[in-house]
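Every number here is computed from the coordinates shown, using simple stated rules; none is lab data. The structure presented is a predicted model; accordingly, all values stated were derived computationally and were not measured. Using ideal geometry, Cβ is built from the backbone for each residue, glycine included, and neighbour counts are taken over all protein chains shown.
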């Protein structure tokens, strides 16, 4: 088990090094950053000064090593547009993105599993058919359109919920949270739905298909033949077997939720990492882009690792396969 | 006379498909007494398993019991509401399925599955149920049950898993066990152990057993009586000795002729030509008539009803005493 964890961790580090090379090479290929910082009437001497202060005149391997050593300590250099350390900017905005992503994922998981189980158990009911139809819309509509439609309905027409921003936030150490104020909670609702809707429909369809599959298996038939209650059969025996593939998908989707947050954050002007990234792209603020890339891949890799470990908790068969392999 | 443990009367099971209604079971009747083992044989699709599922009330839509009655120790159970038949399943009727590799939930320890079943049907506490589970595992021949109770299904071999399945089926001391091909998926050497285990449990607890299989050898070894099924009907039923040594129905004759014997002389085994009709195309009259060597006109029109011959009952026009000339005609 420990060997398995270690092996997976080493693989994760390999992935991070590869991503590091890519994000570093952005500095070399996305044009001269100095031009982005200075104005037209900056003198060449001043430009050289800036170039030197940013370390852009060193040899490429040295720049790479320096970049890497810094990145490993979460130092990503100074933003060209804000003139602030990128790590500070990211740290400042990460709570907003994570809160949004977590709320969206919880929303997607809870409703996705409930709706999926319901439409598997009551396959022919009208509500199950409505779920199926709505899920098709959820899968096919682009995120920004859903966001705009929600804003139109709940903010513009009904005026119930704010159309942008995070509302009032409370500061807990370095973390800022919108979960403790009413306006913060209200501001979370629409972006969470927008961001989570695709995941919700995906999970719902997956749970439904898996559950139907599991309900046909011999051990479910045997569980019913033993006279177990319908509830024990459906929610004890069937649901747990359904959740194994759901964990994978939900885990990987959490990564995409953070990545997809770019669009949702732009639509709702949500002050998170995604919005920061979009602004960075518009201003060719390469340190931010590179750092964002690294952060998102770190999150992805970590989630993958956690999902792999979660499997072994849910499925005893994997536990013994792993210990045999190790 | 006391009631038989299981009594099935004119049972009919239908499956509604988009195109038509398929008759899987067409009016079968049989009894199983306390402590008796009834073997049910037949080809795949003869309706053996469906009969077992009908008794325990697990026919899923689009299938349904279309007619007849099922009595468990005199109490009618075929039309009970789902919640009441659920209480009978596992408690008064235990069921063993064919494939032990897939019958157990892979994510739960076997002990938890047994304890859950015990606690569903009794008021035992967790600790008492666990003790009972260990006793059960010992009874079905699992070595070191107090250790193995915390193992997962994948940590057992096929034969051992089938023992666990049996322990699960008998954990509430049912009056009737339905064993649906309990040995088909097992090695031959393990088959014998499982058969003798089922036999022993039946004897020790006075449990009635309905043993569904297509293996005549297993039937001959285990059963007191045997029912030969063909196309959703019982072709012949009687004490196992009589049916094996002196089969009456042409189909039963064919089945017994297809069993290889060590003592028998060196000749080819008998084959029954053709295969069983599909449910959507059961011929008129006797369903066996297209394959029967003794077929005559009446077989093609009229469905034979069971006729009692000594200890056996056989559904074949050959044994109907009324139109005797018909028999001669075929013989000639």
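Brief remarks on what is shown
- Working from label points 7 Å from Cα in the Cα-to-Cβ sense, the residue B:259 to residue A:130 distance is 6.1 nm.
- Fluctuation leader among B:44, B:20, B:280 - chain B, Gaussian network, Cα springs under 10 angstrom: B:20
- Counting only DSSP beta bridges with both residues in region B:171-317, the antiparallel share comes to about 70 percent.
- Computed from label points 7 Å out along Cα-Cβ, the spacing between residue B:188 and residue A:83 is 9.0 nm.
- The residue B:245 and residue B:307 beta-carbon pair, evaluated with R₀ = 22 Å, returns a calculated FRET efficiency of approximately 0.70.
- Look at the alpha carbon pairs under 8 Å that are at least 6 residues apart: their mean separation over the length of chain A gives a relative contact order of 27 percent.
- A full extension of the chain between residue A:172 and residue A:15 corresponds to an added length of 53.2 nm, given 0.36 nm per residue minus the alpha carbon distance.
- Rounded FRET efficiency, nearest 0.05, which uses the C-beta distance separating residue A:92 from residue A:26 and R0 of 25 Å: 0.70
- Using every pair of distinct Cα positions in region A:183-297, the Kirkwood expression returns a hydrodynamic radius of 17.0 angstrom.
- Compactness of region B:97-244 - radius of gyration and Dmax, Cα, Å: 16.1, 49
- If the segment from residue A:52 to residue A:313 were pulled out straight at 0.36 nm per residue, it would be longer than the present Cα-Cα gap by 88.7 nm.
- Percent RCO, i.e. relative contact order, over chain B, from Cα pairs under 8 Å lying at least 6 residues apart: 20
- Placing a pseudo-label 7 Å from each Cα along the Cα-to-Cβ vector at residue B:298 and residue A:102 gives an inter-label distance of 8.3 nm.
- Bridge orientation summary for chain B: considering DSSP beta bridges with both residues in this region, about 60 percent are antiparallel.
- Taking region A:146-180 and a reference point 7 angstrom along Cα→Cβ of residue A:278, the backbone N atoms nearer than 19 Å belong to A:146-156, A:162-167.
- Stretching residue B:80 away from residue B:268 to a fully extended chain increases their span by 62.7 nm, per 0.36 nm per residue minus the current alpha-carbon distance.
- Computed over region A:109-239: relative contact order in percent, which uses C-alpha pairs under 8 Å that are six or more apart: 32
- For region B:163-297, the average shadow cast by the Cα convex hull is 10.4 nm², which is a quarter of the hull's surface.
- FRET efficiency, residue A:186 to residue A:306 (Cβ-Cβ, R0 30 Å, nearest 0.05): 0.45
- Semi-axes of the equivalent ellipsoid for chain A, Cα gyration tensor, largest first, Å: 43, 27, 15
- Rounded to the nearest 10 degrees, the angle from helix A:239-267 to the longest Cα principal axis of chain A is 30 degrees.
- Extent along principal axes [Cα atoms of the protein assembly as shown; Å; largest to smallest]: 124, 57, 52
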